[in-house]
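Throughout, read-outs are computed from the coordinates displayed, never taken from laboratory work. Keep in mind it's a predicted model, so treat the numbers as computed, not measured. Counting neighbours? That spans all protein chains shown, and the Cβs are built from the backbone with ideal geometry, glycine included.
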Amino acid sequence: MLEQVFEQVAGPQATMLTRGAWLRERRLVAIDGFEVDVPDTDKNVAEFGYAGSGANRSAFPKARVVALAECGTHAFLAAEVGAYAVGEKTLAKGLYGRLRRDELLVADRNFYSFEAWDLATRSGAALLWRAPTQLALPVIKVLSDGTYLSVLINPKIRGARRGRRSWPPPPRSPRTLTPTPTRWEHARSWIRPRRIWCGSWSRTCPTGSATAPAS
């Protein structure tokens, strides 16, 4: 019942005049997770579980929530609820398909994985995600506006197949390339100590192919 009520009322609230809700024509959306204490009943214990154990066990069972929220209003757009033991990345997978093409999704580095990025790009939304420190974002081609073309390689690809020689050449105009295990992204990088942001601002490709933006 609560899930049905939530689905009826959750949604964007910002108007075009709402401060902090837009980047040009794109609605700014963030994804993040949090924990919620639930009543200490046998059913809730079985469904959600406690945080910690023994003397360090939480006083109440805890549910884990991952939600999409509108940045300008903090209004929830969609949410996934699971047991405390379920990770945020796992819950987030159920949200990427609900993104819209006119949205820009901001996410912290905890949410990045090759699979998650791929799922999110299929929605058509633009992405601006903080990347893990260990993620390699090689500069393939620097563009005139300060952005650059980089490549994300499926971590399942090993050995020489990950090398530069196996990457497709960067095209001069948007076009679909021969299917490869890589993905071109039009990315901008702001370098700070231990912080790298990467973003997809252009056309993205279906699974198994790669698309690059114009230079």
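Things worth noting here:
- Taking amide H atoms as placed 1.01 Å from N in the peptide plane, the amide H of residue 131 lies under 5 Å from those of 196, 197, 198, each 5 or more residues away in sequence or on another chain.
- Phi-based couplings in Hz for region 6-20 (Karplus 6.51, -1.76, 1.60; Gly and Pro marked x): 4, 5, 6, 9, 6, x, x, 10, 6, 9, 5, 9, 6, 5, x
- Alpha-carbon centroid distance for the pair region 94-120 / region 1-36, whole angstrom: 15
- Exposure proxy ranking, count of Cβ atoms within 10 Å, fewest first, for 53, 144: 144, 53
- In a DSSP loop and with at most 13 other Cβ atoms within 10 Å, there are no chymotrypsin sites (Phe, Trp or Tyr not before Pro) in region 50-126.
- Listed by chain and number, the lysines placed with their C-alpha closer than 24 angstrom to that of residue 43 are 62; residues fewer than eight positions away on the same chain are left out.
- For region 1-132, the gyration tensor built on C-alpha atoms gives a prolate shape. Its axis ratio a/c (a ≥ b ≥ c) is at least 1.5, and a/b is the larger of a/b and b/c.
- Reach of residue 156 by Cα under 27 Å, taken over lysines that are not fewer than 8 positions away in the same chain: 89, 93, 141
- Compared with the alpha-carbon gap, the fully stretched path from residue 4 to residue 47 is longer by 13.6 nm at 0.36 nm per residue.
- Low-density loop cleavage sites - trypsin sites (Lys or Arg not before Pro) in region 1-31, where at most 14 other Cβ are within 10 Å (DSSP): 19, 24
- Shown is the FRET efficiency for residue 141 and residue 16, computed with R0 = 41 Å from the Cβ-Cβ distance and rounded to the nearest 0.05: 0.70.
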